[in-house]
Every structure is written in structure tokens, then in C-alpha cells.
Amino acid sequence: MVKIIKILSRFYLKNFENKEIECRIHPNPSHSDYVSYIKRDVLFPQIQPHDSITVFVEIDVAVETVTTNVGELLPPLANSEKVLSSNMLSLLEDEKHTDFKIRAGKMEFKVHKSILAARSPVFCAMLTHENTEESRTGIMNITDVDGPVIKEMLKYIYSGYYSEEHDLAEDLLIAADKYRLDELKQHCERTLMKGIKFDNACQLLILGDIYCAKNLKENAVRFIQRHPSDITTTEGWQAILRDHNALVTDIVRSFDKSLPSTIGPEKPTVSSSSLPSSSTPQI
């Protein structure tokens, strides 16, 4: 890109013989008549006998080349992922061109089989085989997951959107595990790990163990390890002792791994009397 730095101009006159006529320049450049000027009694003799005069102007432009990143000149693009997410969510909410129904409790959702199949291996297998009841009837009845949880799950399936500030994370994790929505499951783990406390640490440990939520389980174990006296007085700890004995072993092993590595079997000592004398050669 070229940037103009300065512009200079000069006016002058020539007579019919193409000779330059001497002019004076106004001393004040800001004056509106700063252009060359000449008195009449000087000018007229030089333009006779043809009464012609030619006015010339010279313009000098000083410029510099400015290198500009082309990206700075381009208009900003819309966030295509955000737009796609919004459009897909509208597709779910508007119920346009739906071909399948999901019923959970008193709630019914009209959805698209192709989207469910693309996002969930479980839905894909269910809807691909013609001999399943869901494939034949076009209706799926869910009895083990509440309607609001299914609604949040469908919102994620369609748009990829997940809100970390809601109280359905535990139930949503269970649903995500059931329908193999791995990314949604990871989101739920993160939400639960952020809210871990003395009174729910054991519950989250059990949840992580049952539904193979590795990150949740490991974080719960570490939390219990750091606060043993506070955790062992809770009802959750009693539930672990009563119904999940294997988790006690996991916790004990975590304590063992946290011990300093310098602890080990005692090395044997050798008395100085049993060493050969340095002054007596040994044969």
C-alpha cells in the first residue's frame, strides 16, 4: 500500500515563443493566491502580438510504501462453529423434519434418527437393525433416565453445548455412559470434580467406579487421601465400607504410592573388623 507523505506544486507561465515568463511567488504559502503572480505591465509585452499565454503546473508527490498484513484488510468472519451449533439446536427445538420420538417420563422429544446415529454408537446400532422395537415403531421409551436429563443430553447431541453450571451432572454422566457419549461424560466429570466436598467425595468415588469415570475416581481418591479424618466420619464412607469394599483397597494403595520412595529394606552393615587390613597383603 502506498502512503502519500507530501505534495509540492509549482505554477509558471510561458509566452507564445515557449519561453518562461518570470513570476513572483507569494511569500505566504497559506495565502489563497500564493501561486505565481506577475504585474500587467510586465506580462502584456511578453504575450503580444498573439495575445496567448500558457499556464503550466508541476506537482511533486512524495510517497512511501507501507506493508500491510492482508488479514488486517479482510472483514472478520463469523464463528462458524458457534453458528452451526445454534442452527443445530434450532433444528431440535423447532422439531422440523423429525422422524423419531423419544419418551422419558412425561416428556416427549421429536428428533432425527440420522443425527442420533451419527453422535452415539448405541443409537446407531439401535436404529440400524430393523428387528429392534425402536426401529420398527419409531418410538423409544426410556424408563431409567428422567426427562430433563434426556433433554440436556439431546441438546448436547445436537449442538455440542454443555453448561457446567447445572445440578444434573451426576445423572447426565450416567446417561452419557449408557449411550457412549464420551465427550459429554468428560464434561460431567469436570463439573463434578470442581464441586467435590467432604460430604460427597465418597459418593463421587462410587459413581466414578461404577461408570468407569477414571478421572473422577482418581480425583475423589486423592481428595479422600488428603482429608482422611474428615471423610471417614461421613455416611458416604460407611456406604463404601458396607457395599464397596474394593474401593477401600484402592484408597489404601493410593496411600502406599504416596509414601517417600526412600523407604526400603535396611541395608546390611559390615563391621570394620571383618574387612581385610590395608597393610597386610591378601593372598
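The values are calculated or read from the model by the stated rules, or taken from the named source; none is laboratory data. Keep in mind it's a predicted model, so treat the numbers as computed, not measured. Every residue, glycine among them, receives a Cβ derived from its backbone with ideal geometry; neighbour counts consider all protein chains shown.
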Any pair with Cβ under 6 angstrom, 6 or more apart, that starts in the stretch 36-55 at a residue that is in the same structural domain as N15 (by TED's automatic domain parsing) and ends at one that is modelled with pLDDT of 65 or more and part of a helix (DSSP H, G or I): I53/I47
Give the residue that is farthest from K113 (Cα to Cα), with candidates limited to residues of the stretch 154-207 that are hydroxyl-bearing (S, T, Y) and not in a helix (DSSP H, G or I). S163
Exclusive hit being surrounded by fewer than 16 Cβ atoms within 10 Å (Cβ to Cβ) and either free of Cβ contacts under 8 Å to residues at least 60 places away in the same chain or within 23 Å of D171 (Cα to Cα) (or both), set S120, S114, S86: S114
Residue check, N141 against (1) assigned to a loop (DSSP other than H, G, I, E, B); (2) surrounded by fewer than 17 Cβ atoms within 10 Å (Cβ to Cβ); (3) out of contact with any Ser or Thr (no Cβ under 9 Å at 6 or more places or on another chain); (4) of a type outside the set (F, W, Y), all met but one. Which one? (1)
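When the stretch 105-128 is examined, which residues are found to be of a type outside the set (A, V, I, L, M, F, W, C) and more than 18 Å from S90 (Cβ to Cβ)?
G105, K106, E108, K113, S120, P121, T128
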Is it the case, given these coordinates, that T233 is in a loop (DSSP other than H, G, I, E, B) and modelled with pLDDT of 75 or more? yes
